[in-house]
Amino acid sequence: MSKNEKKEKAPQAPAVKRRRLSLKQRENMMGYLFVLPWIIGAAIFVIRPLIQSFNFALSNVRITPKGREVSFIGILNFTQILQEDATFPTELVAYLMKTVLATPVIVVFALIIALLLNSKIKGKGFFRLIFFLPVIIASGPVMEQLVSQGAGSIPSMNTSAISSLIGFLPDFLEDAIMGLFENIVMYLWYSGIQILIFLAAVQKIDTSLYEAAKIDGGSTWECFWKITLPTIKNMTLLNVVYTIIFLSNNEQNTIIETIKDAMFGTTGSKGYGYASAMAWLYAVIVTVLVLVFAAALMLKKDVYAKQAKKARQEMKHQEQLAKKLKRKGIRYAKQEAKRAGKPIKERR
């Protein structure tokens, strides 16, 4: 027998099957790939300043000709802010009331405009440009000039009548509501990004769902509550979080100016440590506000999502049960074959 014939008759090694990633795994990898630049940037430019600012918040920081002197004082800065500062806690309460009132207005307005732009109307591109234009134009100095000239409110709005209607409310709540009406145009200018996010979410909804609902006799209002709103629930949460963060860091927020003035203040015990403590208190308030809105949106789960999750769990349980029964069957067959003295082949 020649060497070539021996090579031909020699058993070949089985080809190694490469495990292919599922669609969900590939989508997760692409998502992590897109988020990776932000993670790297946060690790390099955000984490270290956060740790340093928290250290400053627990210390008394003085800038001297010899350099920066940091002395640990514990939570003294926080207690001084809450007990002795008469401005910052009041501004925090005002910020909370304005944000709680303005966020639903901005998000609901953005959803309405997105639904209108998604309908069959002429000049969609022009209207999209009109609603997104304030995002580009309304920068810090421009917004300050517009607000100072009274462009943030509707001229024909009778604010005195509104004030008389809500006069029975507490002062802080009345001021927040009046501030919302007085700057209603400015708040609506902040909805450009939210409109685009809602528009993209609405366009991704399968039109066959609406067709099936129409065949079953569903009205447009029912389609909105049963199909549109549950489908874009995640994007609604995204827009709420974005709106809160934007309102917390825009140029019209007086708390930012208060923290900056305290940082560079030379009177009393204010300075970098005092301003850092104010910033951390403000960050905690914003985080709690985001969590409250997120809990309010995610508290009621979709009925169909519950049913789908229950079906997946039942399917997984059935698969595990089938594997368990298969292992028991193979074990039993081995025991019977061993008693009979016959070999048995495992089935794959």
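The values are calculated or read from the model by the stated rules, or taken from the named source; none is laboratory data. Keep in mind it's a predicted model, so treat the numbers as computed, not measured. We place every Cβ from the backbone using ideal geometry, glycine too, and count neighbours over all the protein chains shown.
Computed values, structure above
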quantity: Residue within the stretch 39-47 that is within 20 Å of VAL284 (Cα to Cα), of a type outside the set (A, V, I, L, M, F, W, C), in a helix (DSSP H, G or I) and modelled with pLDDT of 85 or more present; calculated: no
quantity: Pair list, Cβ < 9 Å and 6+ apart or interchain, from the stretch 121-138 residues that are in the same structural domain as LEU188 (by TED's automatic domain parsing) and assigned to a helix (DSSP H, G or I) to residues that are loosely packed, with under 10 Cβ neighbours inside 10 Å and at pLDDT 75 or above; calculated: PHE127/ILE121
quantity: Extreme residue, surrounded by the most Cβ atoms within 10 Å (Cβ to Cβ), among residues of the stretch 80-98 that are hydroxyl-bearing (Ser, Thr, Tyr) and in contact (Cβ under 8 Å) with a residue 12 or more places away in the chain; calculated: TYR95
quantity: Answer from ILE193, ILE227, ILE177 - the residue that is at pLDDT 65 or above, under 26 Å from LEU129 (Cβ atoms), of a type in the set (A, V, I, L, M) and in a helix (DSSP H, G or I); calculated: ILE193
quantity: Scope the stretch 230-251; condition closer than 19 Å to GLY192 by Cα, in a helix (DSSP H, G or I) and more than 15 Å from the chain's Cα centre (by Cα); matching residues; calculated: ASN249
quantity: Lone unmet requirement of (1) of a type in the set (Ser, Thr, Tyr); (2) in a helix (DSSP H, G or I); (3) at pLDDT below 80 for THR103; calculated: (3)
quantity: All positions within the stretch 55-79 that are outside any helix (DSSP H, G or I), surrounded by fewer than 16 Cβ atoms within 10 Å (Cβ to Cβ) and of a type outside the set (A, V, I, L, M, F, W, C); calculated: ARG62, THR64, PRO65, LYS66, GLY67, ARG68, GLU69, SER71, GLY74
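Condition check ((1) over 25 Å from the mean Cα position of the chain (by Cα); (2) over 30 Å from PRO49 (Cβ atoms); (3) in a helix (DSSP H, G or I)) across all residues:
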| site | (1), (2), (3) |
| --- | --- |
| GLU211 | yes, yes, yes |
| TRP221 | yes, yes, yes |
| GLU257 | yes, no, yes |
| ILE285 | no, no, yes |
